[in-house]
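Presented below is the structure to which this report refers.
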Amino acid sequence: MPNPRKAAAACLAIALILTGCKIIKTPTAEEATAAANGGFNPDQQVAGIWDTKVISFLEKRAGTFQEVSALSATDLNAAAAAYGHKEKEGSAPWTFAAKVSGFIIKAETKSRAAYLDTDVDGDGKADVRIQIGPVIKGTALRDSLDFVNFNEFKNQIQWAEFGKAFNTHVNKLTLEKLSRNGLEGKKIEALGAYPLPSTGQPALFTPATIAIGG
């Protein structure tokens, strides 16, 4: 016959053990990465400022691509003051906020670094190369913003990851949803940024928003 006192003691011990237990939530991959980086989560940072700060800034700062490119060719200082930004430290080129409106004359969609050569002045020649990913070269979106700077980050690695997060965000938000068929000849509208190109080279434009019509 079971001993009531022993049974009661066993129940009490189990209860004490259970009340001391704490259920720990399994972290997501994103949370685990952030924890490993001391709380640094560039993808989350970019998502948090995208609509309220990034798009708002670009809409106010951008000139038409024709205006920006023409002014930067004749008076770089004036173009920089009106449309450009660059970090005070280092030797990075000026990066300009711009709006592109034109027609696609060449669509390179087989490469992972896909792009659309675009004519903005109606002469049938490409004036700007718009990146549509999924691989996006450079960090033009980050570099065009005057409200973020390198000194806010722990090191060069975090700064680079923050720049890459802009490309990742716009790719997931917009670019990966674009059709890759029958693009040549279509109208394109885009808001974004590009670094000052080398002489004779097309501007490499990274869009923050993009729309392709008929």
Exercise. Taking amide hydrogens as modeled 1.01 Å from N in the peptide plane, which residues meet the under 5 Å criterion relative to Gly133, leaving out close sequence neighbours?
Worked result: Ala114
Exercise. Can you give me the Cα centroid spacing of the range 101-147 and the range 158-209 in angstrom?
Worked result: 6 Å
Problem set entry | Gain upon complete extension [Gln201, Glu59; 0.36 nm per residue less C-alpha separation] | 48.6 nm
Problem set entry | Note, ³J(HN,Hα) from phi for the range 54-69, Karplus 6.51, -1.76, 1.60, rounded to Hz, x at Gly and Pro | 5, 5, 4, 4, 4, 4, 7, 8, 6, x, 5, 4, 4, 4, 5, 5
Exercise. Once phi is turned into θ = phi - 60°, what whole-Hz ³J(HN,Hα) does the Karplus curve with 6.51, -1.76 and 1.60 give for every residue of the range 152-165, x standing for Gly and Pro?
Worked result: 7, 10, 5, 7, 4, 5, 4, 4, 5, 5, 5, x, 5, 5
Problem set entry | Residue-normalised accessible area of the range 77-205, expressed per residue, 1.4 Å probe, Å² | 51 Å²
Seminar exercise, completed: Among GluC sites (Glu not before Pro) in the range 152-214, those in a DSSP loop whose Cβ has at most 13 other Cβ atoms within 10 Å are Glu184
For this session: Can you list which of the chymotrypsin sites (Phe, Trp or Tyr not before Pro) found in the range 116-188 are DSSP loop residues with at most 11 other C-beta atoms within 10 Å?
Result: Phe147
Seminar exercise, completed: Amide H contacts under 5 Å for Trp94, restricted to residues at least 5 apart in sequence or on another chain and with H modeled in the peptide plane, are Leu196
Exercise. How large is ³J(HN,Hα), in whole Hz, for each residue of the range 106-116 in order, when computed from phi with the Karplus curve 6.51 cos²θ - 1.76 cosθ + 1.60 and θ = phi - 60°, using x for Gly and Pro?
Worked result: 8, 10, 9, 10, 7, 6, 6, 9, 5, 8, 10
For this session: Report the full-extension gain for the segment Ala73 to Ala211: residue separation times 0.36 nm, less the Cα-Cα distance, to one decimal in nm.
Result: 46.9 nm
Exercise. In the neighborhood of Gly124, defined by Cβ-to-Cβ distances under 14 Å, what is the net charge if each Lys or Arg adds +1 and each Asp or Glu adds -1?
Worked result: -4
Seminar exercise, completed: Which residues qualify? For Ala193, with a placed amide H closer than 5 Å and at least 5 residues away or on another chain, they are Ala98, Thr206, Ala208
For this session: Counting only DSSP beta bridges with both residues in the range 121-214, tell me the antiparallel percent, nearest 5.
Result: 65 percent
For this session: Determine, from the Cβ-Cβ distance of Lys186 and Asp146 and an R0 of 45 Å, the FRET efficiency 1/(1 + (r/R0)^6), rounded to the nearest 0.05.
Result: 0.85
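The values are calculated or read from the model by the stated rules, or taken from the named source; none is laboratory data. Here the structure is a predicted model, which is why all the values come from computation and not from measurement. Cβ atoms come from the backbone with ideal geometry, glycine included; neighbour counts cover every protein chain shown. Please note that ligands, DNA and RNA were not included when accessible areas were found on the heavy atoms of the full protein model with its side chains. Shrake-Rupley method; radii C 1.70, N 1.55, O 1.52, S 1.80 Å.
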